[in-house]
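Inspection log for the structure reproduced underneath, given as structure tokens.
No lab work stands behind these numbers, since they all come straight from the coordinates. This structure is a prediction, so every number in the text was calculated from the model and none was measured. Positions of Cβ are generated from backbone atoms using ideal geometry, with glycine treated the same way; all protein chains shown enter the neighbour counts.
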Amino acid sequence: MGTKSQVFCQVDRTMRIGVTNLKSGCGKSTFAVNLACELADISVTAIDRWQGNRRVVLVDADANGTAMRYWSGGRLPVSAEYMPLDGSANVRHWMDRVREMAVDDVVVDAPSHLDVVTKAIMLVSDLIIVPVSAGDPASASPTIEMVKEVRASRSDGGPRCLLVPARLEGAADGRNGFATTLREFGETVGPGIRQSSAFADAFQAGQWIGEFAPNGDAHKDIKALAENVRSLGLAVAATENDKTTARRPGGGNNTMEPDLNCTILIVDDDANLLTLVSGLLAKSYNVLTACNGAVALRQSRDFKGEIRLLLSDFQMPGMSGIELATAMTLDRPGIKVLLMSGFTEGMLVLNEGWHFLPKPFVASQLRALVAGLLYPDKISRFVK
């Protein structure tokens, strides 16, 4: 799809991300620096100066200072703080400083050997990214065990964990088999990243990979990782929003009751977005999912019950969202249609009675719009 590089849903909170593995040499500093720059959402280039749409702070917690040496060249579109941790004496103060950073994203490059330091980073993080070398998947095990230990001590059950397969440039692409091995840990597995020589060349030039080799293979890998991080960030925010609503006095009177007899079909060719959107709605409705228009149409024709709503991406390879909606309304004349896209011009070609949700959007906006289409008489109570 042409719009997948966009942030499809806004998250109005600080996302704190730790990049760590207790084994050195897995490329964590390279991941941390380039991920931070990609999250900054670059859109404007001036003379020797990149500007990001998002405020991102890169925190170097490793006394080796690799991330700070990278940043000191002056060409990275993020702020940076050198905050090494050398033991338990200053851990509490360090954690408070990270929590007080009022920015969009904080990316922490963690040291690879101090357990107490790594645990402190996990205690303040929403997401822990663990780069894992293809030749040594077992090296991730101590880090994952520490994540589980920290989760048991946190009231929110965090942090989430994303395992990122790394392989040498030019090596056989065994990412599928490697990813299968990593899934045995029971954590989310992200897109594979090549340990490309372009990363080292960019470091020497004092540039991040998106400036040094824009849209090259190495940059595409970092883009894919950033999309995973954004999706997980939305999931964290949505979970917090649900908990806040549940705790609010009288909150139960302001939310829709789940209706698992109401079926909606969600279609998107981006697996991460499909999982995320379906997860936001699955607690309230019976959700069917499909990865493209052809699969969705076949699923609709095989499904014997009523499908109340089609929620589809606007532009997909093969059958577009418009074409899918046209075919499904012929089969199911009473179905509601909601199309979502970053292309606002799509609003001009919608059939009467169809609805459009422009990206980016927030989770509460999606839920309210869906509820309003399905239960228009109850929507005022839902959005109070």
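Would you grab the residues whose amide H sits under 5 Å from the one on residue 319? Only those 5+ places off in sequence or on another chain, please, with H modelled 1.01 Å from N.
The list, which skips near neighbours in sequence, is 293, 294.
Spin-label point model (7 Å from Cα, Cβ direction): what's the residue 153 to residue 301 distance in nm?
Going from the residue 153 label point to the residue 301 one covers 5.7 nm.
Which far-off residues, 5 or more places away or on another chain, put their amide H under 5 Å from the one on residue 356, with H placed in the peptide plane?
Sorted by chain and number, the residues that satisfy this are 339.
Beyond 24 Å between alpha-carbons counts as too far, so tell me which of 283/359; 28/119; 28/148; 28/283; 220/283 fall in that bin. Can you show the working numbers first?
Working: 283/359 22 Å; 28/119 16 Å; 28/148 20 Å; 28/283 36 Å; 220/283 34 Å.
Those over the limit are 28/283; 220/283.
So if we plug the beta-carbon distance of residue 93 and residue 291 into 1/(1 + (r/R0)^6) with R0 = 41 Å, what FRET efficiency do we get, rounded to 0.05? Provide the component values of the computation, followed by the final result.
On the way: r = 47 Å, r/R0 = 1.16.
Efficiency for this residue pair is about 0.30.
Using modelled backbone amide H atoms (1.01 Å from N, in-plane), which distant-in-sequence or interchain residues come within less than 5 Å of residue 289's amide H?
Excluding prolines and chain starts, which carry no amide H, the hits are 266.
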